[in-house]
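Before any comments, here is the structure.
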Amino acid sequence: MSTRIFGSGIKRREDPRLITGEARYTDDIKLPGVLHMAVVRSPYAHANIVSIDSSAAAAMDGVVAAYTSEDIGDGLAGLPTAWLIPDSDLKTPEHPALAKGKVRYVGDGVAIVLAEDRYTAQDAADAVEVEYEELPVVVDPEAAAQDGAPQLFDDVENNIAFTWVMGDKTASDGVFNTADVVVRDKIVQQRLLPTAMEPRSAMAQYNPATQELTLWCTSQNPHIHRFIISAVTGLNENKVRVIAPEVGGGFGSKIPCYPDEALVSWAAIKLGQPVKWTETRSENYQITIHGRDHIQYVEMAANRDGKLLGVRATVYAGMGGYLSTAAPGIPTILHGLLYVGPYTMDSVYCESIGVMTNATPTDAYRGAGRPEATFLLERMVDMVAKRIDMDPAELRRKNLIPAFEDGYEVATTLIYDSGDYPAAFEKAIGIAGYDDFRREQAEARAEGRYLGIGITAYTEMCGLGPSQVAGAVGFQGGLWESATVRVTPTGKVQALIGASPHGQGSETTLAQIIGDELGFPVDDIEVIHGDTTETPMGWGTYGSRTTPVTGAALAEASRKLKEKARVLAAHLMEAAVEDIEYDDGKFLVKGSPDNFQSIQDVALMAHLAWNMPEGMDPGFEESQFYDPPNFVYPFGTHIAIVEVDANTGDIELKRYIAVDDCGPQINPEIVAGQIHGGVVQGIAQALCEGVIYDDSGQLLTGTMMDYTMPRADMFPNFELGETVTPSPHHPIGVKGVGETGTIASTPTVYNAVLDALSPFGVEGIDMPMTPAKVWQAIQSA
Amino acid sequence: MWPNKFDYQRAESVDQALELIGDEGKFLAGGHSLLPVMKLRLSAPEQLVDIGRIDSLRGISANGGLTIGATATHAEIAASGDVQSMCGALADACGGVGDQAVRNFGTIGGNIAHADPASDPPTVLVACGASINIQGADGSRSVDAEAFFVDLFETDLDDGELITSVSLPNCSDCQCAYVKFPHPASRYAIVGVAVCLKMDGGTCAQADVAVGGATVKAVKCAGAEAALAGSTLDDAALNAAAEAVKADIADWLAGDVAYPESYRQQMAGVYLKRAVKAAAG
């Protein structure tokens, strides 16, 4: 009986180098003669550039050059927006690498300086004199879309970059006009800072002899970066090599191609010297994409007996000063399509308005559109429950889609792959001891203590996704992955993947898939990623897609190798192929267990090729392109119990229960880690994280002194549970789990706090629910 | 993260430090207030005079009262048995400054010279009647902590003067406490309250109270002190003191967009009660 490595919670193989500081990040790479780039950034959120004088900077000792947009001229094309959503009137205003004539957010680059050391570069940047003519500023996306608001672009009327519509308005109106009950709320999904542990960094080197550019950068998707850098520099794509070395987290913020990466590339070509730029944390907060930023007007219709009928929303989604790489797809495709959630609800309608504002561009941040959808659904469900005086657990139970194994089409046109929502729901309710809690809550209230419980039932779509769907929704790329499993003569494995993990533990998880398929020890399998020259094409690590999509490619490539091995083993043992059995890395002749070839034996013989079956090629390596036939749809139920200190507004999270179903778990420890991290990030949105701009567009939460990152001491031990519902269309049945935590946890905690505050009649508090806001809400109620 | 250029010199004695410091110079001790603002280029001194290795500025001594050298670190103060027995509130406050790395480097002298209104030690020093010992080119002087803290980031120190030590009376027959509501991001005090109670049986003979965090500087709170003195620290006295403390700090309130003045003022009342209970308990 063999022990399966699949399902084993082995330790993450990448951790020793990460936790001992031995990992090599972009900024750790030293090239001789490297120049340091500093970017002169606008201190104003909206202004005309009257003049730029960089002569003093350029004349400083140690400064090699200073450039403005004028100097670059047509040397760099504008940065493309790569998600051109249909069913909208999308406008894609120019996004130059350095501002041309006008700045549109604080931090917009106006000039670069290149110097021999980083200190001098910063001194020189400070010495560039820029004269600005300030313009009126608008930060709020709803305000920006109104007549008379300050205009960011001449060709984007009312700052509206797109209005995306999903659903049939007339049909939706019909449902809402006849429903027993309609609840409505204005929900603000505040801006969030992704705050990857490693800030962004980029270094470029150009070899004039071969005309090749190498760009090391903090990327979640080096092949997409190569694609875009090729487009903006005009270099052929086969002359651009993008390397994402160790990347210290991204949460979506390292998907886009930013001006900085284009600028180091251009400067390296121009000067013939390597150029490096690494952002400070202050720059990270100012210029690296932000997440969320929705103002949502949401309504839900229901019958008095608790049957949910429909949801509809008008969303103002703040895009910031420019449209980032994938930005238009986030508050539309990845948002509206989730409006049914796990419920049997037949009517959905969404109008999502993408609005340019004088703020940092937004783009995908962990969950990307789906947390914003799940929040509004779960908020509305709780409001319906209150309105019809039904317990919120009972209302959810009544409306959950019954279990299904192979496809369930919902009103948003998605076909959920598989689910057993009631099972996960009841499991979470059981762990929480829901009925007991209600008694405890009543007793506590009698003592003046305010306990609350919140529940979220969710499903989400991830494992992005079928390429045909990508094309249909305007994503300017495919969404397949490819992988090569290469076995050396001595039986060691190199798995080359096009995706680019950056902290998820995929080097472990993916090795477990290969080990499970072929019987190689995990320690003999290296997963190689992050270099466009070394690895096959892939579209990157985001959207909880690496395990489902790359994992499937690796499983299929491994299965090809296994078939080759079976045939070769049969040949070597002079047995019939159908008499060969496989067990844990060994190919045995049926009935004679001592007569076998190990996978390592077979690999060696395939390389030596001394004795191959007729027609079999030498070597032991297989590749697989994998285009998923559908998304995968993980699901689950989360429950939070909180206590509010009415004297201060402080919230104590007492318990957090998460029952998630991501199909079979390859490595339960890594799954738990993903859920823990996601839950923490999602709860932080509810309780502490939030970008604050003042009216002039200055970022008031520009450092970690003001922007509240979650800390371990805010959280109890999480109580995790699981159900296992395989995806029917996936080779190993797995679903993604990278974002479920952020998708489910924000409304869970939010609803728990409002439940705790129900004796005060508090109806809503804008996130983050800081002690000051909670206290004020209690006073005002 | 990239400070402007500056000169660096290390002083071997207080006299040498006072000689070296020029018009645009700053004394450098632990560097945990100064270097961050230099890295952000919010401050650009041309010269740093390192006082970190001057022996006479180090250490904690107890003879009757406490004398804490200017370069004693927060960690040393928090761990000092003498401080714990003579002024437990100060040990608590210093033990709650920043994180362990900050406490291992940051010094009491640097902390009070910087006079961040949300810092913890100043509130205890004001409540417990500390005096700040200062040396300048013209000699030495001593200032009551209450007078030392003048306003937001503003102290009684003149240019070129150096804090040499902090003196505290022996509070071992008092019951003192420092409690704070930490800002969830920075862990600085949104409000911090220090109380020092002299008890006579069940009655409070004397109360000293100071509030920081909610205020532009550590503020001594006479109204709250009067409400507590002579009481048995019953609910009525605590409620009266909580109301009084809000009035005591009304002229000195500080706030920001996330935690406005009005909220901090109210929380001063809540935390006063908690501080008294912690001290009396």
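The values are calculated or read from the model by the stated rules, or taken from the named source; none is laboratory data. In this text, all values refer to a predicted model and were calculated from it rather than measured experimentally. Cβ atoms come from the backbone with ideal geometry, glycine included; neighbour counts cover every protein chain shown. Just the protein is used for accessible areas: all its heavy atoms, side chains included, with ligands, DNA and RNA removed. Shrake-Rupley method; radii C 1.70, N 1.55, O 1.52, S 1.80 Å.
For this structure, a couple of remarks:
- Wholly enclosed helices (runs of 4 or more DSSP H) of segment B:95-171 bearing at least 1 residues of a type outside the set (Ser, Thr, Tyr) and open to solvent by 10 Å² or more (accessible area, probe 1.4 Å): B:100-105, B:108-114, B:145-148
- Sole residue being assigned by TED's automatic domain parsing to the domain that holds residue A:203, touching a His at 6+ places or on another chain (Cβ under 9 Å) and within 26 Å of residue A:363 (Cα to Cα), chosen from A:118, A:41, A:104: A:104
- Matching residues, segment B:1-22, being more than 14 Å from chain A (Cβ to nearest Cβ) and in a loop (DSSP other than H, G, I, E, B): B:11, B:12, B:13, B:21, B:22
- Annotation for segment A:317-331: no member residue is among the small types (Gly, Ala, Ser) and closer than 16 Å to residue A:169 by Cβ.
- If the condition is being touching a strand residue (DSSP E or B) at 6+ places or on another chain (Cβ under 7 Å), of a type in the set (A, V, I, L, M) and open to solvent by less than 10 Å² (accessible area, probe 1.4 Å), then segment A:734-766 contributes A:743, A:744, A:749, A:752, A:753, A:756, A:757.
- Filter result for the condition that a residue is farther than 23 Å from residue A:348 by Cβ and of a type in the set (Gly, Ala, Ser), over A:446, A:424: A:446
- The one condition in (1) away from chain A (no Cβ under 14 Å); (2) open to solvent by less than 50 Å² (accessible area, probe 1.4 Å) that residue B:37 fails to fulfil: (1)
- Conditions (1) modelled with pLDDT of 95 or more; (2) open to solvent by less than 10 Å² (accessible area, probe 1.4 Å): number failed by residue A:465: (1)
- Residues in segment A:65-103 that are of a type in the set (Ser, Thr, Tyr) and closer than 20 Å to residue A:320 by Cα: A:81, A:88, A:92.
- Among residues of segment A:442-484, those that are farther than 30 Å from residue A:341 by Cα, in contact with a strand residue (DSSP E or B) (Cβ under 9 Å, 6 or more places away or on another chain) and assigned to a loop (DSSP other than H, G, I, E, B), counted: 1
- Residue check: residue B:25 meets all listed conditions (1) surrounded by 14 or more Cβ atoms within 10 Å (Cβ to Cβ); (2) within 14 Å of chain A (Cβ to nearest Cβ) but one, namely (2).
- Some residue of segment A:421-441 being on the phi < 0 side of the Ramachandran plot, touching a Pro at 6+ places or on another chain (Cβ under 8 Å) and not in a helix (DSSP H, G or I): no
- Look at segment A:14-31: where a residue is surrounded by fewer than 12 Cβ atoms within 10 Å (Cβ to Cβ) and a partner is part of a helix (DSSP H, G or I) and not basic (Lys, Arg), sitting 6+ places away or on another chain with Cβ atoms under 8 Å, you get A:22/A:16.
- Selection from segment A:485-531 of residues that are hydroxyl-bearing (Ser, Thr, Tyr) and either part of a helix (DSSP H, G or I) or open to solvent by less than 10 Å² (accessible area, probe 1.4 Å) (or both): A:500, A:506, A:508, A:509
- Matching residues in segment A:250-293 - criterion: being of a type in the set (Lys, Arg), within 14 Å of chain B (Cβ to nearest Cβ) and surrounded by fewer than 24 Cβ atoms within 10 Å (Cβ to Cβ): A:281
- Residue in segment A:67-82 that is open to solvent by less than 50 Å² (accessible area, probe 1.4 Å) and at positive phi present: yes
- Per-region count, segment B:229-281, residues surrounded by fewer than 20 Cβ atoms within 10 Å (Cβ to Cβ), facing another protein chain (nearest Cβ under 10 Å) and not in a helix (DSSP H, G or I): 4
- Test result for residue A:85, touching a residue at least 60 places away in the same chain (Cβ under 8 Å), open to solvent by less than 30 Å² (accessible area, probe 1.4 Å), farther than 22 Å from residue A:218 by Cβ and assigned to a helix (DSSP H, G or I): no
- Which listed residue, of A:705, A:709, A:714, is open to solvent by 20 Å² or more (accessible area, probe 1.4 Å) and free of Cβ contacts under 8 Å to residues at least 12 places away in the same chain: A:705
- Residues that are closer than 14 Å to residue A:77 by Cβ, among the small types (Gly, Ala, Ser) and open to solvent by less than 60 Å² (accessible area, probe 1.4 Å), drawn from segment A:209-233: A:230
- Just one of the listed residues (A:582, A:542) is open to solvent by 10 Å² or more (accessible area, probe 1.4 Å), assigned to a strand (DSSP E or B) and closer than 30 Å to residue A:661 by Cβ, namely A:582.
- Residues satisfying the criterion are absent from segment A:353-368 (criterion: touching a Cys at 6+ places or on another chain (Cβ under 9 Å), among the hydroxyl-bearing types (Ser, Thr, Tyr) and open to solvent by less than 10 Å² (accessible area, probe 1.4 Å)).
- Those residues of segment A:155-193 which are open to solvent by 10 Å² or more (accessible area, probe 1.4 Å) and part of a loop (DSSP other than H, G, I, E, B), in sequence order: A:155, A:167, A:168, A:179, A:180
- Residue match in segment A:656-666 (condition: surrounded by fewer than 24 Cβ atoms within 10 Å (Cβ to Cβ) and in a loop (DSSP other than H, G, I, E, B)): yes
- Scanning segment A:717-727 for residues that are part of a loop (DSSP other than H, G, I, E, B) and either surrounded by fewer than 16 Cβ atoms within 10 Å (Cβ to Cβ) or within 14 Å of chain B (Cβ to nearest Cβ) (or both) yields A:717, A:724.
- Identity of the residue in segment B:200-228, of a type outside the set (A, V, I, L, M, F, W, C) and touching a strand residue (DSSP E or B) at 6+ places or on another chain (Cβ under 8 Å), that ends up surrounded by the fewest Cβ atoms within 10 Å (Cβ to Cβ): B:206
- Segment A:685-712: number of residues that are part of a helix (DSSP H, G or I) and more than 10 Å from chain B (Cβ to nearest Cβ): 3
- Scanning segment A:108-152 for residues that are within 11 Å of chain B (Cβ to nearest Cβ) and under 30 Å from the mean Cα position of the chain (by Cα) yields no hits at all.
- Residues in segment A:234-249 that are touching a strand residue (DSSP E or B) at 6+ places or on another chain (Cβ under 8 Å), open to solvent by 30 Å² or more (accessible area, probe 1.4 Å) and in contact (Cβ under 8 Å) with a residue 40 or more places away in the chain: A:241, A:246.
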